[in-house]
Structures are given as structure tokens and as C-alpha cells.
2 protein chains.
Amino acid sequence: MYPKSLMELIERLKVLPGVGEKTAERYAFSIMEMNTDNAKAFAQTIMDVHNKIMYCKVCGNLSENEECEICKNTQRNHRQIFVVQSPKDVVAMEKTGEYQGTYHVLNGLISSSKGIMPDDLNIASLYERLPQAEEVILGTNITMDGETTAMYLDKVIKTKYPNILVTRIAHGLPSGGMLDYADEMTLAHALADRRKMNR
Amino acid sequence: MYPKSLMELIERLKVLPGVGEKTAERYAFSIMEMNTDNAKAFAQTIMDVHNKIMYCKVCGNLSENEECEICKNTQRNHRQIFVVQSPKDVVAMEKTGEYQGTYHVLNGLISSSKGIMPDDLNIASLYERLPQAEEVILGTNITMDGETTAMYLDKVIKTKYPNILVTRIAHGLPSGGMLDYADEMTLAHALADRRKMNR
């Protein structure tokens, strides 16, 4: 009922996560109403993302070069490796401005339910980096799969390189978190990992 | 922090209605994870929508030809014109399969608050069609602007062509609508426009 090209655009937009018919329709109209220069630039950017972006050969993060900006940066502490699930986690962490080491992006988590095994992740290149490492911070999510992955990596690293300090990001109440709204697991961890007050 | 092309795609996606940073990020990743053929087709479709779609010169609906499929269809009743605000309304109406006449798409509504005057709408081409019309159905939304537009068109048409039947779509309770949840305006109209039971 819509012209063919508009119907095709609606179908293609429905592939985006959480986008149904109505939303795809609204997006398609909004794209149709862009001026031609903006639409051209939009289409070009989609192609650019496909043609230019690759995985950093060192850490597995997204990059437009063989090596990403963080791995190339000699100001950062290359003896510290923060292991995360996805490039989004790197961006979230970088926004804090609190971390000066490097990252390693697994691009997934070990998951028995999804059948994802260690070999399916970007782990081999992590092992290559370990001889130069002093600390590996396991920054996978505090979820079933995140914990499994952290435990797996901890075991492997401790066996191969017992001198490397392996740490796990803290598990506790979030900023502004209220005790009576927190789930039991979070509260239990917040209690177990309590620390002495600084005076 | 993300590669340049990915950041640009996120920015461009934020232009879509209701899309913020997080959603744009999710969409961008989903586009990045498409295979290259699909991404290419997606980008191409955006360009197609811009290069191929125009307004039907008769009714103002979207079309890939000078005249849209409905206006070209000789099986339809060209003496009946259903006036709507947008091409989306045509699609919604066509889905019912209940209407065999033609449409006229205003591509907007008269709105004093937004400063939209009759001349800003696709109304001139409606007047050209009136000499051949028997009925004009005013199908603009049951909103302030929709009612204003309907009243305006009714007045103009009645003055110029007193023989044309001008009708307004019914205003009442929707299917499955419950009286105690309906707003007062809807209830008042549902009462005023009540009709005799068919036996």
C-alpha cells in the first residue's frame, strides 16, 4: 500500500532490536522527510561502519585501524588489562575517566545456555598479552554468564601465570541505591565485601 | 571513544523520533552486526526512498509514479473522495478493505497553534477534483486541528459546490471500548450520534 521502496525501508528497520511495525513506520517517515544530503550521509555512514570498522588485533575492541586508540596510546599502563564483554563496556568505563590501563574485549561471554564456549570468544589473544601483564581486572557483568566467564579466566590465568594479580570488579549497592530496594544477592555481596571506613 | 564512523552512525540514528543515546547505540551495533549485503541493501533503500518517492499529482499520496496506484485504478469509485491528513491514514483505511473510493492526502492539518494555514496544505489540487465528485468524506483526526480542518473544508466545499455530499467520519466509542473508561467528549458524541437499532 505504501510505495515499494518505503515498504522495503520499513521491513529493514524492523530488523533493529525492539522495533515493530509502528515504530519502523515512524522511523521510515522520518528518514523520508530528511533532506537528501542528510539521507545520503546516513546511508554512507552505514556503509562506512561496515567498510572501515574492524577489531583491534591486540585487544579486540572496535577500531578503524589494525590497533585501537587505547592500545596505541603509550601513556596508558599496558601492564594492566581490564577484561570486558563488549566494546560498549569500554566506552562506559572510559567515560568515568578513572582507568588508565588497557582493555581486552571478549566480544561475548561463556554461556552454557547459549552454547558459547571459551573458544568462541576473543580469549586466545588475551593469553598472548599475559606475559607482559601485572594485573588482570575481570570486568565481566555480575550475571550468571559474567561470573562463569570470570571464574574460568581466573582459573586459567592463575594456573599459567601465578604471579599475575587477578581482580574482580566490586559487587555491591549502586550509587543512590537503597537497601530496601536492593535484591538479596546484591545485599549479601554488599555485606560480605564491606570494607573498613577511612578516617 | 567508539571509532569515528560508529559515532557518526549513532549521531545520525539519534535524529529518528524518540531515539536517545542508548537506543541509538543499540541500533548502531545491530547495523554493524548485519552482514555486508544487508547493510548495503539497507543503505540503498534509504537512498531509494529519497530518489524514487514523490507525491501523487492527483491526490497527494506517496507514490513511485506521477499518479499513485489508487488514483490509477479504474475499478475504484473516483466520485468519492476520502480526505485524510497523511499517507499513513490511507494505509490504515486500506487495511480495512471497506472503502472503494479514492483519497485526498492533505499532508498536514490546519493549525493555529503551529501556524499552519490552508495554503500550506495540499488543498488546491482537491478543489480541481471537486467538479467530478459526488461525495467528500472528511476523514481528518478527531482532534482540535482535525476538526478545524474538517469545518474549513466543509464550508468551502458547500459554498462552491452545494450539490456535493460532505460527510464526516463517525465519532464514538471504539471497538471494545468501555463506557466507564471513555472520556466525556467521546461519550457525548456517542450519545448524540446514536442510531436506531437494526432489527
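With the alpha-carbon atoms of chain B aligned to their principal axes, the span from lowest to highest coordinate is 65, 46, 40 Å, starting with the largest.
The value obtained for the stretch A:12-94, namely the Cα convex hull volume divided by the number of residues, is 137 Å³ per residue. Of all DSSP-defined beta bridges confined to the protein assembly as shown, some 20% are antiparallel rather than parallel. Farthest towards the positive end of the charge dipole of the protein assembly as shown, among the residues B:CYS56, A:GLY97, A:THR148, is the Cα of A:THR148, using unit charges on the Cβ of Lys, Arg, Asp and Glu. Have a look at the DSSP beta bridges in chain A and tell me what percent are antiparallel, nearest 5. In chain A, approximately 20 percent of DSSP beta bridges are antiparallel ones. Its DSSP H runs of at least 4 residues, each contributing -39,500 (n - 2.57), put the calculated 222 nm mean residue ellipticity of the protein assembly as shown at -13000 deg cm²/dmol, to the nearest 500. Taking the label point 7 Å along Cα→Cβ, A:LEU179 and its counterparts in the other copies are spaced 5.3 nm apart, in ascending order.
Here the accessible area of the protein assembly as shown is 52 percent carbon and sulfur, with a 1.4 angstrom probe and all protein chains present. Relative to the other identical copies, A:THR159 shows label-point distances of 8.9 nm, where the label point lies 7 Å from Cα along the Cβ direction and values run shortest first.
The residues of the stretch B:66-164 present an accessible area of 54 Å² per residue when probed at 1.4 Å with all protein chains retained.
Rounded to the nearest 20, the Cβ-based charge dipole of chain A about its Cα centre (Lys and Arg +1, Asp and Glu -1) stands at 440 debye. Axis angle, to the nearest 10 degrees, between helix B:36-52 and the longest C-alpha principal axis of chain B: 40 degrees. Loop-resident GluC sites (Glu not before Pro) (DSSP state other than H, G, I, E or B) in the stretch A:63-129 with no more than 12 further Cβ atoms inside 10 Å of their Cβ: A:GLU66, A:GLU98. Position A:ALA192: other-copy label points at 6.8 nm, ordered by increasing distance, label point 7 Å along Cα→C-beta.
Shown here for the stretch A:1-78: trypsin sites (Lys or Arg not before Pro) in loop regions (DSSP other than H, G, I, E, B) with at most 13 other Cβ atoms within 10 Å, namely A:LYS57.
Computed from the C-beta positions of B:MET1 and B:LYS114, the FRET efficiency with R₀ = 30 Å rounds to 0.15. Rounded to the nearest 20 debye, the dipole magnitude of the protein assembly as shown is 220 debye, with +1 charges on Lys and Arg beta carbons, -1 on Asp and Glu beta carbons, and the Cα centre as origin. Using only Cα positions of the protein assembly as shown, each an equal point scatterer, no hydration layer, compute I(q)/I(0) via Debye at q = 0.08, 0.14 Å⁻¹ and quote the log10 values to two decimals. The computed values of log10 I(q)/I(0) come out as -0.66, -1.21. Chain B residue nearest the rotation axis toward A, with distance: B:ALA43, 2 (Cβ to axis, whole Å).
Taking a ≥ b ≥ c as the square roots of the eigenvalues of the Cα gyration tensor of the stretch A:15-54, is the shape rounded (a/c under 1.5), prolate (a/b larger than b/c) or oblate? Oblate shape, in that a/c is at least 1.5 and b/c is the bigger or equal ratio. Distance from the C-alpha centroid of the stretch A:133-165 to that of the stretch B:1-77: 44 Å, rounded to the whole angstrom.
The values are calculated or read from the model by the stated rules, or taken from the named source; none is laboratory data. A quick note: this is a predicted structure, and the numbers were derived from the prediction, not measured. Backbone-built Cβ (ideal geometry, glycine too); neighbour counts: all protein chains shown. Side chains included, ligands, DNA and RNA excluded: accessible areas come from the protein's heavy atoms. Shrake-Rupley method; radii C 1.70, N 1.55, O 1.52, S 1.80 Å.
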